[in-house]
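What follows is a short report on a single structure.
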Amino acid sequence: MQVKICPKCGHQNGPYFLECSKCHAPLSTVSVTEKTMIAKALRIIAIAIYIVGFIGGGLAGPVTESFAAILLVWISAAVSGTLMLGFSEVIRLLHEINAKIK
């Protein structure tokens, strides 16, 4: 079960509460930890793609003895990492919109 955290006082409330049981402030349906957890996970994956792609390109160069192979791996990693960062931003924004609507 998901715990709702009050944005005003930080009190942890049950999943079915619409307002804080301590200060009676309205509660968001999406907790702060859930919003940041998904976006952070995708951002970490994107950074890992950048790092692995950069290192992989450096390792592919001596094996293939081709600068084109290095460039291909680096460009692929840059595009993949950027797409993953874009997805993380879209998910973060959708969570914010969902929290504002409810």
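The values are calculated or read from the model by the stated rules, or taken from the named source; none is laboratory data. Just so it is clear, the structure is predicted and the values come from calculations on it, not from any experiment. Don't worry about glycine lacking a Cβ; one is built from the backbone with ideal geometry, like all the others, and counts go over all protein chains shown.
Which residue pairs have Cβ atoms closer than 8 Å, lie 6 or more positions apart in sequence or on different chains, and pair a first residue in region 16-28 that is part of a loop (DSSP other than H, G, I, E, B) with a second residue that is basic (Lys, Arg)?
Close Cβ pairs satisfying both conditions: PHE17/LYS4; CYS20/LYS8; CYS23/LYS8; ALA25/LYS8; LEU27/LYS4; SER28/LYS4; SER28/LYS102.
Considering each of VAL52, VAL73, VAL63 in turn, give the residue that is out of contact with any strand residue (DSSP E or B) (no Cβ under 8 Å at 6 or more places or on another chain) and surrounded by fewer than 13 Cβ atoms within 10 Å (Cβ to Cβ).
Sole residue among the options that is out of contact with any strand residue (DSSP E or B) (no Cβ under 8 Å at 6 or more places or on another chain) and surrounded by fewer than 13 Cβ atoms within 10 Å (Cβ to Cβ): VAL63.
Criterion first (assigned to a helix (DSSP H, G or I), surrounded by 13 or more Cβ atoms within 10 Å (Cβ to Cβ) and modelled with pLDDT of 90 or more) does GLY86 satisfy it?
No: the conditions fail for GLY86.
Condition check ((1) within 29 Å of GLN2 (Cβ to Cβ); (2) part of a helix (DSSP H, G or I); (3) in the same structural domain as LEU94 (by TED's automatic domain parsing); (4) out of contact with any Gly (no Cβ under 9 Å at 6 or more places or on another chain)) across all residues:
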residue	(1), (2), (3), (4)
ILE38	yes, yes, yes, yes
ILE44	yes, yes, yes, yes
ILE55	no, yes, yes, yes
ALA69	no, yes, yes, no
VAL73	no, yes, yes, no
SER76	no, yes, yes, no
VAL79	no, yes, yes, yes
